[in-house]
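Every read-out reported here was derived from the displayed coordinates using simple, explicitly stated rules and does not represent laboratory data. As the structure is a computational prediction, the values presented were derived from the model and not from experiment. All Cβ positions, glycine included, derive from the backbone under ideal geometry; neighbour counts span all protein chains shown.
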Amino acid sequence: MENFGQLGVNANLVKALEENKIIKPSEIQQQVIPYLLKNNTDFIGQAQTGTGKTVAFSIPLLQRIKPNEKHIQVLVLSPTRELCQQIAKQIFKMTRYTEKVFAEAVYGGEKIDIQIRNLTRPTQVVVATPGRLMDLLERKALDISQVKTLVLDEADEMLSMGFKDAIDTIVEQIHEDNIKWLFSATMPDSLIRLTEKYMAPDTHTVSVSKSTEINSKIEHQFFICENKQKFDYVHHFLQSQGAARGIVFTRTRDDAQMVAKRLKAKGVETEAIHGDLDQKERDKVMRAFKNKKIQVLVATDISARGIDIEGLSFVVHYQLPDQIEYYTHRSGRTARAGKRGISISFVTAAELKIISQIEKILKIKFHKV
């Protein structure tokens with residue numbers, strides 16, 4: 001399909017998409033949008049980070065919402081503050097030429113009283129992190145009993161962050177006549193069990209091949225070195241990239257702080273982002289990165305979820321992730337919006353077996369440099 005109109009998207013939404021330079025549907029959008037426009041059923045969509053899942057579920061949501069009904073009709077659950085903000089912002093942009101649909105993002109790190117006040121306005125879509133939504137439900141600050149469409153976005157990550165009990169509670173409180181749309185980059189066993197518990201046995205599933213969309217645009221590389229040499233080689237790689245921007249991933253907070261401190265000493269414009277930063281500090285770092293005042297962001301896996309920065313040329317794996325599926329999430333930070341990117345891992349000889357596992361499980365090919 002060459003345009004969204006051919007998928008059944010209404011002209012006002014197409015106009016808004018075109019204004020935001022979203023012209024040709026991605027593979028996941030081509031498969032998801034027509035199905036969700038025609039079917040009022042549970043749905044599972046599996047695709048890499050950065051393939052356009054947000055637009056894929058937002059269009060059908062907006063075409064089924066009744067703007068004249070002011071109660072919450074749709075609930076979108078997402079693991080991080082940044083993803084919530086992005087989804088709500090995307091919905092806002094897409095409704096420029098349609099009847100007004102109000103979407104409210106609620107998440108931790110912002111004063112809950114402000115969010116409670118915002119929810120007193122007519123709201124058809126709530127985009128929430130599970131933890132903050134539970135806080136709001138306990139305070140009876142919103143009513144989700146009339147929600148008939150629940151979207152679980154980045155569902156694998158929500159489970160890995162420990163939100164299963166919250167999801168169970170939330171599902172119990174929405175309208176009994178509901179449908180669930182689940183989107184995820186990976187399908188670990190814990191997520192499969194969740195789908196078996198809450199979704200119809202014959203739920204339609206769309207899975208975009210791991211070898212297409214993102215991976216075809218990422219060059220996966222590895223470099224063998226001793227741990228004591230690693231920092232120097234990573235610094236050399238960053239120098240070779242000139243003014244290009246990217247993310248360096250570490251496994252722990254201490255390593256993120258150490259790498260950022262040493263890079264700063266070498267004159268690299270960098271900051272670390274990790275779980276111990278409070279929200280104000282995190283926002284400050286992310287603003288600087290988005291505004292290109294920081295060239296390289298050093299990040300741990302959980303803290304980097306939801307980072308959607310255009311024009312990142314590379315991802316550096318200072319250490320390989322604890323879980324192979326995290327490699328998918330890390331690499332998806334580059335090669336977004338059709339561009340190409342590099343994902344380079346600095347490994348010891350003993351870690352080559354992990355590179356082989358990643359190749360086998362994710363069906364990708366690494367090149368030694």
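Counting only alpha carbon atoms, the long axis of helix 352-362 and the longest principal axis of the chain meet at about 30°.
Per residue of the chain, the DSSP helices (runs of n ≥ 4 H) give a summed -39500 (n - 2.57) that works out to -12000 deg cm²/dmol at 222 nm. Pairs with C-alpha atoms separated by more than 19 Å, drawn from the list 264/293; 217/266; 21/89; 38/197; 21/53, are 217/266; 38/197.
Temperature 10 °C, viscosity 1.306 mPa s: under these conditions the Stokes-Einstein estimate for the range 1-93, based on its Kirkwood radius over C-alpha pairs, is 114 µm² per second. With Cα atoms as the point set, the radius of gyration and Dmax of the range 218-369 evaluate to 14.4, 40 Å. Arranged from fewest to most other beta-carbon atoms within 10 Å of their beta carbon, 192, 364 become 192, 364. A simple charge model with +1 on the Cβ of Lys and Arg, -1 on the Cβ of Asp and Glu and nothing else charged puts the dipole of the range 4-207 at about 820 debye relative to its Cα centre. Each peptide in 14-25, 119-130 gets a packing score, the mean of other Cβ atoms within 10 Å over its residues, and the list from highest to lowest is 119-130, 14-25. Spherically averaged projected area of the convex hull of Cα atoms, the range 217-308: 6.4 nm².
Structure remark: mean-square fluctuation, Gaussian network model of the chain, C-alpha springs under 10 Å; the largest value among 271, 138, 82 belongs to 138. Taking packing as the residue-averaged number of other Cβ atoms within 10 angstrom, the listed peptides 26-33, 172-179, 142-149 run from highest to lowest as 26-33, 142-149, 172-179. Considering only 80, 320, 243, and ranking their Cα positions along the charge dipole of the chain that arises from unit charges at the beta-carbon of Lys, Arg, Asp and Glu, the one farthest toward the positive end is 243. The coefficient of translational diffusion for the range 4-207, derived via Stokes-Einstein from the alpha carbon Kirkwood radius under 4 °C and 1.567 mPa s, stands at 76 µm²/s. The tail of the calculated P(r) for the range 250-297 beyond 17 Å holds 32 percent of all Cα-Cα pairs. Which of rounded, prolate, oblate describes the range 280-369, given a ≥ b ≥ c as roots of the alpha-carbon gyration tensor eigenvalues and a/c under 1.5 marking rounded, otherwise prolate only if a/b is larger than b/c? Prolate is the answer for the range 280-369, as a/c is 1.5 or above and a/b outweighs b/c. In plain terms, the residue of 245, 193, 253 with the fewest other Cβ atoms within 10 Å comes first and the most crowded comes last, giving 193, 253, 245.
Within the straight-line cut-off of under 17 Å between alpha carbons, the aspartates and glutamates reachable from residue 24 are 2, 213, sequence neighbours fewer than 8 places apart in one chain being disregarded. Remark: the range 16-22, residue by residue, has Karplus-estimated 3J(HN,Hα) of 5, 4, 4, 4, 9, 6, 9 Hz, where x stands for each Gly or Pro and the curve is 6.51 cos²θ - 1.76 cosθ + 1.60 at θ = phi - 60°.
For the range 148-163, backbone phi angles converted through the Karplus equation (6.51, -1.76, 1.60; θ = phi - 60°) give residue-by-residue couplings of 10, 10, 10, 10, 9, 9, 6, 4, 4, 5, 4, 5, 5, 8, x, 9 Hz, Gly and Pro being listed as x. Amide H contacts for residue 345 (H built 1.01 Å from N in the peptide plane; partners 5 or more residues away or on another chain; cut-off under 5 Å): 221, 222, 223, 317.
Relative to the longest principal axis of the Cα atoms of the chain, the long axis of helix 227-240 lies at roughly 70 degrees. Across the range 30-44, rounded Karplus estimates of 3J(HN,Hα) from the backbone phi angles (6.51 cos²θ - 1.76 cosθ + 1.60, θ = phi - 60°) give 5, 8, 7, 4, x, 5, 5, 6, 9, 10, 9, 9, 4, 7, 10 Hz, Gly and Pro being marked x. In the chain, the inverse of the mean reciprocal separation of distinct Cα atoms equals 21.4 Å; this is its Kirkwood hydrodynamic radius. Residues whose amide H comes within less than 5 Å of that of residue 151, counting only those at least five positions distant or on another chain, are 75, 76, 77, 181 (H built at 1.01 Å from N in the peptide plane). Amide H to amide H, with H built 1.01 Å from N, residue 101 comes under 5 Å of no residue 5 or more places away or on another chain.
Averaging the sequence gap over all C-alpha pairs within less than 8 Å and six or more residues apart, then dividing by the number of residues, gives the chain a relative contact order of 19 percent. Between the range 1-26 and the range 96-120, the C-alpha centres lie 26 angstrom from each other.
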